[in-house]
Amino acid sequence: MPEGPEIRRAADRLAAAVAGQTVLRAQFAFAQLQRFERELVGSRILSITPRGKALLTAFDNGWTLYTHNQLYGVWKVARPGQRPDTTRSLRVALETASAAILLYSASDIELWRSDEIEAHPFLQGLGPDVLDPALNADADAVAARLQSLAFRGRALGALLLDQGFLAGMGNYLRAEVLFDTGLHPALRPRDLDAAQTAKLARALLAIPRHSYTTRGIEPTPGMRADYLAHEGERFRFRVFKREGQPCERCGTPITRIASQSRPLFLCPHCQPGRPSQ
Ligand SMILES: [Zn+2]
């Protein structure tokens with residue numbers, strides 16, 4: 001499951017291919033969307049922006065394409081008129097003079113008036129996006145959100161996956177943020193003092209941004225250990241999928257636990273459990 005940084009980079013690739021350009025051909029697989037095949041031709045693609053795990057493609061004629069890949073959808077970029085060799089079903093194609101962007105397999109596809117898109121139920125349920133440039137300047141807002149009534153009593157292991165708390169977080173980011181801040185996933189914001197809260201808020205913004213800007217990669221089975229090793233300022237996994245390897249801070253082997261039915265990796269020494277209070 002891609003997380004905020006991967007989704008934003010995928011959106012960047014699509015935008016680099018077609019943003020600012022005029023749609024010459026539009027194609028929708030679903031019958032209820034086929035009237036837009038004519039409606040969108042001649043419009044200009046203004047932007048392609050991730051919102052949580054959804055993608056918004058805005059056109060200058062007042063329409064916005066909402067897509068959510070769920071587990072199956074995938075966007076590809078091709079030359080105009082060309083289609084990648086794939087057995088997946090094509091659901092959306094938008095072509096300009098220089099490129100085609102193609103959505104395969106997804107089923108969550110809608111067109112909304114741009115001035116009404118914020119009322120979309122999925123967007124309504126999202127918290128601020130960790131990669132939103134406006135939020136990045138505002139760790140105080142994240143600290144206040146952590147200590148707000150809605151969130152302060154929830155365990156960090158659950159909170160850091162909740163897109164209603166902060167959109168764009170995900171499983172590897174959760175592990176890395178908790179390790180960076182020395183916090184156990186069972187702790188709740190209400191267990192933290194002001195300094196810990198501030199540190200966590202800063203990490204919740206800095207770590208996704210670092211991954212996004214330095215092209216963090218997700219380790220796959222068989223990937224060479226040195227590929228994951230330190231490379232200057234590049235993002236790297238310090239605990240994620242590193243169980244059994246020594247903690248870089250104290251040498252204790254990293255352990256893997258389950259949290260919210262997802263694997264979570266931590267250092268039992270640097271991230272002690274909930275204090276008995
Ligand atoms: Zn440690």
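Computed from the coordinates by the stated procedures, all read-outs in this text should not be read as laboratory data. Here the structure is a predicted model, which means the values were calculated and not measured. Ideal geometry is used to build each Cβ from the backbone, glycine not excepted, and the neighbour counts take in all protein chains shown.
Starting with the highest mean, order 158-167, 64-73 by the number of other Cβ atoms within 10 Å, averaged over the residues of each peptide. Please list the in-between numbers first.
Numbers: 158-167: 20.5, 64-73: 17.5.
So the peptides 158-167, 64-73, ranked by packing, come out 158-167, 64-73.
How many angstrom lie between the C-alpha centres of segment 3-44 and segment 45-92?
5
Determine which lysines satisfy two conditions relative to K53: a Cα distance under 24 Å, and not lying fewer than 8 residues away in the same chain.
Those lysines meeting the cut-off are K76, K241.
Relative contact order for segment 155-200: what percent, with Cα pairs under 8 Å and sequence separation of 6 or more? Walk me through the intermediate numbers first.
Details: 34 pairs, mean separation 19.4, N = 46.
Over segment 155-200, the number comes to 42 percent.
How large is the charge dipole for segment 133-266, taken about the Cα centre, if only the Cβ atoms of Lys, Arg (+1) and Asp, Glu (-1) carry charge, to the nearest 20 debye?
Values: 19 positive and 13 negative charges, 44 e Å.
Magnitude of the dipole: close to 220 debye.
Averaging over all projection directions, find the projected area of the Cα convex hull of segment 133-266 and quote it in nm² with one decimal place. Spell out each step's value before the answer.
On the way: hull surface 33.3 nm².
That works out to 8.3 nm², a quarter of the Cα hull's surface.
When the helix-only estimate is applied to the chain (DSSP H runs of n ≥ 4, each -39,500 (n - 2.57), divided by the residue count), what is the mean residue ellipticity at 222 nm, nearest 500 deg cm²/dmol? Write down the numbers at each step before the final one.
On the way: 8 runs with 70 residues, N = 277.
So the calculated ellipticity at 222 nm is -7000 deg cm²/dmol.
Each residue of segment 50-66 in order: what ³J(HN,Hα) in whole Hz does its phi give by Karplus 6.51 cos²θ - 1.76 cosθ + 1.60, θ = phi - 60°, with x for Gly and Pro?
Per residue, the Karplus-derived 3J(HN,Hα) values read x, 9, x, 9, 9, 10, 10, 10, 9, 10, 7, 9, x, 9, 10, 8, 9 Hz.
So for the chain, averaging the separation of alpha carbon pairs under 8 Å that are six or more residues apart and normalising by length, what relative contact order in percent results?
Details: 514 pairs, mean separation 42.6, N = 277.
About 15 percent, as a whole number.
Just round it to a whole percent: the fraction of Cα-Cα distances in the chain exceeding 31 Å. Can you show the working numbers first?
Numbers: 13398 of 38226 pairs.
Result: 35 percent of Cα pairs exceed 31 Å.
Dipole size in debye (nearest 20) for the chain around its Cα centre, Lys and Arg Cβ +1, Asp and Glu Cβ -1? Write down the numbers at each step before the final one.
Numbers: 35 positive and 28 negative charges, 113 e Å.
Computed charge dipole of the chain: roughly 540 debye.
When you count, for each residue, the other Cβ atoms within 10 Å and take the mean per peptide, how do 172-181, 245-254 rank with the highest first?
Numbers: 172-181: 24.0, 245-254: 14.0.
The packing order, highest mean first, is 172-181, 245-254.
Mind ordering 139-151, 46-58 by average Cβ neighbours within 10 Å, highest first?
Per-residue Cβ counts within 10 Å, averaged per peptide and sorted highest first, yield 46-58, 139-151.
I need the helices of the chain that pass two filters: whole DSSP H segments spanning 27 Å or more by Cα along the axis, and mean Kyte-Doolittle score no lower than -1.0.
On the way: long enough: 194-213 (28 Å, 0.10).
Span-like helices here: 194-213.
In terms of modelled amide H atoms, which long-range or inter-chain residues lie less than 5 Å from the amide H of L126?
none
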